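Structure, as structure tokens:
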Amino acid sequence: MNNQRHSPIIDRNPDEIIAFRAGLEVDAAKFISQANALAGRLPKHRYVFNLYSDRYEFLLGFCAAVIAGQCTLMPPNRLDKTLDELASEYPDSYTLGGAGNEDGLNLLQPHDSSHVTDAHDSPLPVIPADQLCAIAFTSGSTGKPSANLKYWHTLKQGTLGNIDLLLKRFNTRLNVVATVPPQHMWGLETSILLPLFANVAISDRTPFYPQDIVDAIESVPAPRALVSSPVHLNALEKSGVPLRGVDVIFSATAPMSMELAQALENRFDTCVLEVFGCTESGILAARHTSEETLWHLSELFELEPGEAGTVVKAGHLSENVIIGDRIEKKGEYRFKWLGRHQDMINIAGKRGSLTDLNQQLLSINGVTDGVIFSPQHTPERLAALVVAPNLKPSDIIDAMKPMVDPVFLPRPVYLVPMLPRQETGKLANAAVMSLLDEISGSGKRKEQS
Amino acid sequence: MNLKGQKSEMQTQTRQEQELAELIVESLNLEDISAGEIMPEDPLFGDGLGLDSIDALELALAITQKYAIQLKADDQNMKEAFGTLRTLNAYIMQNTS
């Protein structure tokens, strides 16, 4: 449902600042000339992996690919196995950026606008509404990543909805620092798409430690927004760094407690807006977590609670999606989040499937039985109980490393003589938890043969 | 590659390294290794001890609380410092008075 067949790659005036690169302002005109120049240099393939870790370079690479009619593939993680699988599924592809053995091309030249005499002369590319611009992959319980297709009109309309949902209170240019990588939807929607369609400028930095965040915030003018996730924000809050001048903190990828939201607001004299969304649908809702529990749904969407999860409908999505979250409607555009589907876990903002992880554990040579699970008392790590008479816990971890994202590696791994399975073969949660308590209670390091 | 239980002379912890190793084990809730088993020259991240980026944040916090220094990823010295127990300890010693 869109009335425009084409629209410009960027909807900003030529003199508007869209980014800070190495401390210098980049305006829209300069950005367009750089993106055009890069688009002309891209090898001719249908698909591209954009592994630039510098945010501005990622933005250039992403837009150059769109201009050249190419589709950016966004893998769910950076494991060699994942990249190799996707590369063989999409053979007409190449890699931009990246380091080490990722073999990416670096086609950027510093401060590149050498091909045009005046940046304002560079033509403004227009993009067809139905051009496929990106595929965002999610790992699910089938083991193979699922493809979520993002067309130009989906990205643009979604961003216009996000501006409405999140940025209404700002009537001057908002300057954004993000701790999250641009390669996933949260980072893409906030730090890559926003400067294209909103009065926003992004910092090229990706700060990690609390002091890095302070430095990055100080490097951009007010008003300032910090885009981050609960793991980073928790570390930030507890670190005692003197963070000042942040007008709003946007948090997503994992639930945030009311306590943490309040602590952040009190300590840093700021406002914390939590954002709820997923790769399949993009940003869906927001709430002011320090004082409310109900979510405000973006007016682009309609939600329908169902058996398997919730159906999400929207005019700008190419098809309805089902998300693994349970919700309860509480009025027009308000809802309560009831929890995730049992199989899905979230560790430090990364989504995983317990079914998938268990299959991988059982596929290890020498493992005759095992279970990997999320112990209630430590939701930030998974644990594993394994039957493997000739292996050490470190052998099991080493075998899992190439298969799963590091945050899903179980810690600890306990070797046990057998698992408390029922006759049906099922493992009751309670039995697993009590076995874990028994083992960990009886000594720090327990290795059984 | 697991060097547990195979100490060589070069891999003996100094007193400060032992203290830091204890901080690592305690702040990260490492259940299947004891402080004395962290080899001073084994990598902390990726291979070796196998810590990840969540651990980096947790550990940085514990270091801030104990030694009152703030780590920065931009600091070239910091990138090298986080490599092993030995280099991390040296960085901390250099940056505390």
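Things to note:
- Residues located in region A:207-218, provided they are out of contact with any Lys or Arg (no Cβ under 6 Å at 6 or more places or on another chain), within 11 Å of another protein chain (Cβ to nearest Cβ) and touching a residue at least 12 places away in the same chain (Cβ under 8 Å): A:Pro207, A:Phe208, A:Pro210, A:Ile213, A:Val214
- Entirely in region A:14-83, the strands (runs of 3 or more DSSP E) that have 3 or more residues that are in contact with a helix residue (DSSP H, G or I) (Cβ under 9 Å, 6 or more places away or on another chain) and either closer than 30 Å to A:Ser353 by Cα or not assigned by TED's automatic domain parsing to the domain that holds A:Arg173 (or both): A:47-51, A:71-74
- Filtered residues of region A:374-410 (kept if over 24 Å from the mean Cα position of the chain (by Cα), surrounded by fewer than 20 Cβ atoms within 10 Å (Cβ to Cβ) and β-branched (Val, Ile, Thr)): A:Val387, A:Ile397
- Qualifying residue in region A:397-404 (condition: within 28 Å of A:Ala348 (Cβ to Cβ), away from every other protein chain (no Cβ under 12 Å), part of a helix (DSSP H, G or I) and at pLDDT below 90): no
- Filtered residues of region A:187-206 (kept if away from chain B (no Cβ under 14 Å) and either touching a strand residue (DSSP E or B) at 6+ places or on another chain (Cβ under 7 Å) or without any contact (Cβ under 8 Å) to a residue 24 or more places away in the chain (or both)): A:Gly187, A:Glu189, A:Thr190, A:Ser191, A:Leu194, A:Pro195, A:Asn199, A:Val200, A:Ala201, A:Ile202
- Listed by first and then second residue, the pairs with beta-carbon distance under 8 Å, at least 6 apart or on different chains, first residue in region B:49-61 and within 7 Å of chain A (Cβ to nearest Cβ), second among the hydroxyl-bearing types (Ser, Thr, Tyr) and assigned to a helix (DSSP H, G or I), are B:Ala60/A:Ser239; B:Leu61/A:Ser239; B:Leu61/B:Ser27.
- Within region A:343-373, considering residues that are outside any strand (DSSP E or B) and of a type in the set (S, T, N, Q), the one surrounded by the fewest Cβ atoms within 10 Å (Cβ to Cβ): A:Asn365
- Qualifying position, being part of a helix (DSSP H, G or I) and either away from chain B (no Cβ under 14 Å) or touching a Phe, Trp or Tyr at 6+ places or on another chain (Cβ under 9 Å) (or both), among A:Asn266, A:Asn171: A:Asn266
- Residues of region A:234-258 classified as assigned to a helix (DSSP H, G or I), among the hydrophobic types (A, V, I, L, M, F, W, C) and at the interface with another protein chain (Cβ under 10 Å from one of its Cβ atoms), total: 2
- Checked against (1) farther than 22 Å from A:Asp54 by Cβ; (2) aliphatic (A, V, I, L, M); (3) in contact with a strand residue (DSSP E or B) (Cβ under 9 Å, 6 or more places away or on another chain), A:Ala216 passes all but a single condition, namely (1).
- For the residues A:Leu226, A:Leu317, the requirement of being over 18 Å from the mean Cα position of the chain (by Cα), crowded, with 21+ Cβ neighbours inside 10 Å and closer than 25 Å to A:Leu160 by Cβ singles out A:Leu317.
- Sub-9 Å Cβ pairs linking a first residue in region A:379-402 that is outside the structural domain of A:Tyr414 (by TED's automatic domain parsing) to a second residue that is of a type in the set (Ser, Thr, Tyr) and in a strand (DSSP E or B), at least 6 apart or interchain, number zero.
- Number of the condition not met by A:Leu165 [criteria: (1) surrounded by fewer than 24 Cβ atoms within 10 Å (Cβ to Cβ); (2) assigned to a loop (DSSP other than H, G, I, E, B)]: (2)
The values are calculated or read from the model by the stated rules, or taken from the named source; none is laboratory data. Small disclaimer: the values here were computed from a predicted structure and weren't measured. Glycine also receives a Cβ, built like all others from the backbone with ideal geometry; neighbour counts cover every protein chain displayed.
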